[in-house]
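Student: Following this message is one structure expressed as structure tokens.
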Amino acid sequence: MFNEAEHSVFLPHDRLAALLAAIRDGGWQCVGPRVEQGAIVMAPLAEGEDLPRGLQAEQAPGQYRLAADARQRYFAWANGPQAIKPLTFAPQESLWRVVRTTDGALAFEAVVPEAPKLAVIGVRACDLAALALQDAHFLRKDRVDAQYAARRAQLFLVAVQCAVPAATCFCASTGDGPTPTAGHDLALAELDDGFVVVAGSAPGRAVLQGLDLAAATPAQIAAARAQGDAAAAAQTRHLPGRDLREVLMARLKHPQWDAVAARCLACGNCTAVCPTCFCYAEHEMPALDGTSSLHARAWDSCFGETHGHLHGFNVRPDIRTRYRQWLTHKLAGWHDQFGRSGCVGCGRCIAWCPAGIDFTVEVAALTGASGAEGT
Ligand code: SF4
Ligand code: SF4
């Protein structure tokens, strides 16, 4: 990505609004970075609204804080608490409704959202990789999730290369970043005066064509590529391998599970912010008059007490077994299900863990490798 072989154009900073207008002209509503409660979240962008500029997100285990970016870039923040996940896999929603008809029979009907065309501005490479994994789960040939599919089909993804990784990022070691390589409609690499832009789809090319932009110069393309390489080299955390299935499954009785369980609060923050976690629980919402009922779902977490509850007993009765389930599913079981690990190296589970538990340090302790600088 960002090389001489592909057609790149250059979008000056003062034409970013024109890009958003062209996307809107294509029928998409825009969602993008907004500062809310001290964090960068993905929220609807009003027409003509400027994106936040000159912000970085300083992140560490249990810490997230916005700070000034002297270069006044739009996308110097690495990532916020949300990825694309809430836009496709809703935190809570109805799946189907059952109604009692006048003759006493039960009529069932699916509840499928009318999803708008939605452009997401500022998607990161790790988020695209996570979306591909969510697709593998929710769009299986033998079982397509109708609600997810309805929203997924409407997405237009404007990805941005991470030039300033957070201290919690380790996407280079999982092979998922920091430069977007697949799954985007447009990919941007931000320089000090604008963006090198590449289209990754026919809709992306159509949006660019209307803007009449000049081709990116060889120097701009080289600068974009170089800052991606530098961002990868600057990451201090990593996983010790891309397939840890054998080594982790051989350590199910390792004392580190007890050590991490003593610190873990079982709050489930890590699974909520993780862009690949897909567990949910289903429940009924009957109408008080007894004539109908909604069948709904809400995100669930393997850290919750009820998640491991089977008929008459709990297969994961303590935090030790729940943390072990999360980490071994993510890094071992996913290889059996999806042919790769379920971690894309976004680091969100590290920054948003109230106990400051560092996923890479735990993996290092379990595998005997090093996970973060100095460990
Ligand atoms: S690892 Fe951290 S975020 Fe995850 S459940 Fe435990 S305390 Fe919560
Ligand atoms: S396990 Fe942590 S670092 Fe890996 S994808 Fe999930 S939130 Fe990101």
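Student: Using the eigenvalues of the Cα gyration tensor, what equivalent ellipsoid semi-axes result for segment 1-148 when each is taken as the square root of five times the eigenvalue, whole Å, largest first? Could the numbers behind the result be given before it?
Tutor: Working: eigenvalues 264, 74, 59 Å².
Value: 36, 19, 17 Å, ordered largest first.
Student: Computed over the Cα atoms of segment 259-311, what is the convex hull's projected area averaged over all directions, in nm²? Kindly include the intermediate steps, with their values, before the conclusion.
Tutor: Numbers: hull surface 22.7 nm².
Averaged projected hull area, Cα only: 5.7 nm².
Student: Keeping every protein chain in place, order E305, E362, E114 by accessible area at 1.4 Å, biggest value first, i.e. largest first. Mind dumping the intermediate values first?
Tutor: Working: E305 130, E362 5, E114 180 Å².
Highest to lowest solvent-accessible surface, that is E114, E305, E362.
Student: Tell me, rounded to the nearest percent, the portion of alpha carbon pairs in segment 124-277 spaced more than 24 Å apart.
Tutor: Values: 5821 of 11781 pairs.
The answer is 49 percent, as a whole percent.
Student: Sort V158, V164 by heavy-atom solvent-accessible area, probe 1.4 angstrom, most to least.
Tutor: Working: V158 0, V164 35 Å².
Highest to lowest solvent-accessible surface, that is V164, V158.
Student: Output the relative contact order of segment 275-373, whole-number percent, from Cα pairs under 8 angstrom with separation of 6+ residues. Intermediate results must be reported in sequence, preceding the final value.
Tutor: Values: 88 pairs, mean separation 13.2, N = 99.
Taking the mean separation of contacting Cα pairs over the length of segment 275-373, I get 13 percent.
Student: Here's another thing I want to ask about it. Using packing as a proxy for protection, rank 227-238, 138-149 so that the peptide with the highest average count of other Cβ atoms within 10 Å comes first. Show your work: numbers first, answer last.
Tutor: On the way: 227-238: 18.0, 138-149: 13.3.
In descending order of packing, they fall as 227-238, 138-149.
Student: From the P(r) of segment 192-315, could you give the percentage of C-alpha pairs in the tail past 17 Å? Mind dumping the intermediate values first?
Tutor: Numbers: 6119 of 7626 pairs.
Result for the distance tail: 80 percent.
Student: Something else now. For a quick check of understanding: with a 1.4 angstrom probe and all protein chains in place, what accessible area in square angstrom does S173 have, to the nearest ten?
Tutor: Approximately 30 Å² of S173 is accessible to the 1.4 Å probe.
Student: If you don't mind, there's one more thing I want to ask. Straight-line reach from K117: which lysines have a Cα under 23 Å away, not including same-chain ones fewer than 8 places off?
Tutor: By straight Cα distance, K117 reaches K85.
Student: Would you compute, from DSSP H runs of 4+ residues alone, the mean residue ellipticity of the chain at 222 nm, taking -39500 (n - 2.57) per run and dividing by the full residue count, rounded to the nearest 500? It would help to have the intermediate numbers written out before the result.
Tutor: Values: 14 runs with 108 residues, N = 375.
That calculation yields -7500 deg cm²/dmol at 222 nm.
Student: How charged is the neighbourhood of W352? Take every other residue with its Cβ under 14 Å from the Cβ of W352, and add Lys/Arg as +1 and Asp/Glu as -1. Don't skip to the answer; put the middle values down first.
Tutor: On the way: positive: R65, K85, R348; negative: E58, D358.
Computed value for this residue: +1.
Student: Suppose we keep just the DSSP beta bridges with both residues in segment 157-260; what percent of those would be antiparallel, to 5?
Tutor: 65 percent
Student: Please list the radius of gyration and Dmax for segment 101-165, considering alpha-carbon atoms only, with Å as the unit.
Tutor: 17.2, 64
Student: For the chain, what log10 I(q)/I(0) values come out of the Debye formula at q = 0.08, 0.11, 0.15 1/Å, with one point per alpha carbon and no solvent?
Tutor: With no solvent term, the Cα-only Debye profile gives -0.44, -0.81, -1.36.
Student: Evaluated at 37 °C with a viscosity of 0.692 mPa s, what Stokes-Einstein diffusion coefficient in µm²/s does segment 243-375 have when Rh comes from the Kirkwood expression over alpha-carbon pairs? Provide the component values of the computation, followed by the final result.
Tutor: On the way: Rh = 16.2 Å.
Approximately 203 µm²/s, per Stokes-Einstein.
Student: Once phi is turned into ³J(HN,Hα) by the Karplus curve 6.51 cos²θ - 1.76 cosθ + 1.60 with θ = phi - 60°, what whole-Hz value does each residue of segment 296-309 show in order, with x for glycine and proline?
Tutor: 10, 9, 8, 3, 10, 9, 5, 8, x, 5, 7, 4, x, 7
Student: Based on the alpha-carbon gyration tensor of segment 1-80, what equivalent-ellipsoid semi-axes (square roots of 5 times the eigenvalues) come out, in whole Å, largest first?
Tutor: Working: eigenvalues 123, 67, 29 Å².
They are 25, 18, 12 Å, listed from largest to smallest.
Student: Still on this structure, I have one more. For all pairs of alpha-carbon atoms in segment 160-223, what percent lies in each bin of width 10 Å, listed from the first bin to the last filled one?
Tutor: Histogram of Cα-Cα distances, whole percents per bin: 19, 46, 29, 6.
Student: Viscosity 0.692 mPa s, temperature 37 °C: what is the translational diffusion coefficient of segment 294-337 from Stokes-Einstein with a Kirkwood Rh over Cα pairs, rounded to a whole number of µm²/s? Display every interim value, and only then the final one.
Tutor: On the way: Rh = 11.6 Å.
In µm²/s, the coefficient is 282.
The values are calculated or read from the model by the stated rules, or taken from the named source; none is laboratory data. What you are looking at is a predicted structure, and each value in this text was computed from that prediction instead of being measured. Here the Cβ is made from the backbone with ideal geometry for all residues, glycine too, and neighbour counts use every protein chain on show. Calculation scope for accessible area: heavy atoms of the full protein, side chains included, ligands and nucleic acids excluded. Shrake-Rupley method; radii C 1.70, N 1.55, O 1.52, S 1.80 Å.
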